[in-house]
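K.L.:
I am attaching a structure below and will ask some questions about it afterwards.
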Amino acid sequence: MKTFKEFPETSVCKMCGTNKNKECTLIPIDGTEEGNNCQATPVHTDCIKEGNIRYNKTSNIFYQIGVKE
């Protein structure tokens with residue numbers, strides 16, 4: 001997973017609802033694919049590591065629990 005040292009000033013982490021300037025990664029957005037490119041949203045890497053991501057084997061999807069708004 002590629003990470004970036006700084007979080008974009010104009011974005012908000014979809015997991016914690018803040019834009020704290022910490023390490024982040026980009027998560028692709030469904031339905032935005034155009035060839036080999038797609039849009040993505042930045043998410044703090046520590047938000048991913050905190051355990052609020054789950055994997056559903058039946059549907060083969062990752063999802064978030066405990067959404068903060």
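The values are calculated or read from the model by the stated rules, or taken from the named source; none is laboratory data. Quantities reported herein were computed from a predicted structural model and do not represent experimental measurements. Backbone-built Cβ (ideal geometry, glycine too); neighbour counts: all protein chains shown.
Every residue, every condition in (1) surrounded by fewer than 16 Cβ atoms within 10 Å (Cβ to Cβ); (2) outside any strand (DSSP E or B); (3) of a type in the set (Ser, Thr, Tyr), yes or no:
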| position | (1), (2), (3) |
| --- | --- |
| Met15 | no, yes, no |
| Asn21 | yes, yes, no |
| Leu26 | no, no, no |
| Asp30 | yes, yes, no |
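K.L.:
When the residues of the stretch 1-13 are narrowed to those that are of a type outside the set (A, V, I, L, M, F, W, C) and under 21 Å from Phe62 (Cα atoms), which ends up surrounded by the fewest Cβ atoms within 10 Å (Cβ to Cβ)?
P.N.:
Lys2
K.L.:
Look at the stretch 34-69 and say how many of its residues are modelled with pLDDT under 90, part of a loop (DSSP other than H, G, I, E, B), surrounded by 11 or more Cβ atoms within 10 Å (Cβ to Cβ) and not aliphatic (A, V, I, L, M).
P.N.:
Final tally of qualifying residues: 3.
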